[in-house]
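The values are calculated or read from the model by the stated rules, or taken from the named source; none is laboratory data. Keep in mind it's a predicted model, so treat the numbers as computed, not measured. As a convention, Cβ positions derive from the backbone with ideal geometry for all residues, glycine included, and neighbour counts pool all protein chains shown.
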Amino acid sequence: MSLQGVLADFPVADVFQLISQQRKTGALEVERRGRTLLILFLQGQVLSARPSETRPDGALAGYLLRTGALAEPALAEARARQDETLEALAPTLLQMDLVSRSDLEQVTKLATSETIFELFLWDEGRFVFRAEEVVPGPCDKSVGAEMVLLDALRMRDEWVSIQRGLPDLAVVLSPSVEVEGFRQKRAAIEADSNVPGTELEKLFTFANGRLAARRVIDLSRLGTFQGARGLVALIRGGVLRAEQREVVAQPDAESRGARPPLAACVVLASCAVLAFVLLLEHPSVQSAASLGGDPIEEVREEVATERLRAALEAHRWARGAYPETLAGLRAEHALLAAVPLDRYSYARSYEGGFTLWRVRP
């Protein structure tokens with residue numbers, strides 16, 4: 001069986017139903033605006049789902065990094081072993097004891113649910129289903145397609161109201177009360193929102209005034225829908241507040257494809273001398289400090305931000321996508337050694353871009 005078409009004519013819900021009813025095994029690929037999602041079916045049931053990446057297991061690695069289940073050095077160890085054994089990432093991680101099975105199962109399930117949720121928000125794109133052999137991974141567990149479909153449709157309908165309460169996942173979330181104040185209100189917020197209290201407390205704990213909503217959701221491992229739902233409940237309950245910070249880099253779709261790898265590398269190298277040149281050309285900045293700021297420090301911040309943005313672009317051209325976190329960039333680029341990464345917050349978007357903003361100490 002081979003099935004293909006466009007979502008405008010054949011909605012994804014109908015595609016799921018057809019595959020389920022005919023108990024087909026194979027791979028469904030859906031592409032929209034250059035982004036491709038891959039869903040594997042086993043006898044009509046959903047086995048797993050991931051964004052399609054240039055490197056095999058790249059999406060799973062990204063989710064493990066985003067949720068804090070795996071560190072960059074550990075991933076590098078696993079990749080080195082993979083180069084020798086040619087095994088998949090999941091069994092490699094388990095064999096090397098780099099991730100616990102429970103964590104791997106949790107993140108594997110999260111990756112599938114996140115991909116399905118994203119897919120059902122699409123109302124345009126092209127799809128193709130190919131009947132082929134599918135081999136389950138060590139942590140893959142199939143779920144009935146009809147159950148997945150009903151859950152995804154419910155989340156899609158409710159997502160509209162959630163977005164009204166939290167329209168931008170790039171906002172930084174700060175606590176409005178101390179922990180004890182939150183715990184006094186927790187039961188009332190839980191009753192009003194129907195979000196479990198344990199999930200609310202997890203989200204409140206991560207929302208420390210430095211992390212974006214996207215990062216808080218990732219660390220909670222609740223998924224975009226449930227995490228955002230809980231954050232909205234906390235904001236409406238008066239225990240969290242959303243703060244829009246200074247965005248210092250946010251490429252649009254056109255600029256993401258415009259800069260070649262060499263240009264990004266040239267920017268990285270030129271940033272090493274940019275601050276010095278600026279200070280030579282503008283010696284008066286030192287005397288201007290008395291006007292209410294430190295111009296030299298501002299120049300340094302701008303140079304550091306440009307280095308970081310260029311490193312992100314270079315990573316995308318080398319790996320096919322922006323990194324899930326900033327943690328591994330310093331090891332890849334020696335010129336980032338002097339960049340204070342803890343002063344930046346970063347979130348990769350669904351659309352393949354990113355938002356980078358500076359957090360004032």
Top-ranked residue of the stretch 2-19 - restricted to ones that are over 29 Å from the mean Cα position of the chain (by Cα) and surrounded by fewer than 12 Cβ atoms within 10 Å (Cβ to Cβ), ranked as nearest to residue 45 (Cα to Cα): 2
Residues being in contact with a strand residue (DSSP E or B) (Cβ under 8 Å, 6 or more places away or on another chain) and either in a loop (DSSP other than H, G, I, E, B) or at pLDDT 95 or above (or both) - total across the stretch 12-25: 2
Single match in 125, 137, 144 (criterion: on the phi > 0 side of the Ramachandran plot and in the same structural domain as residue 105 (by TED's automatic domain parsing)): 125
Qualifying residue in the stretch 85-98 (condition: charged (D, E, K, R), assigned by TED's automatic domain parsing to the domain that holds residue 22 and surrounded by 17 or more Cβ atoms within 10 Å (Cβ to Cβ)): no
Count - residues of the stretch 150-181 that are within 27 Å of the chain's Cα centre (by Cα), assigned to a helix (DSSP H, G or I) and not β-branched (Val, Ile, Thr): 14
Some residue of the stretch 198-221 being loosely packed, with under 14 Cβ neighbours inside 10 Å and at pLDDT 90 or above: yes
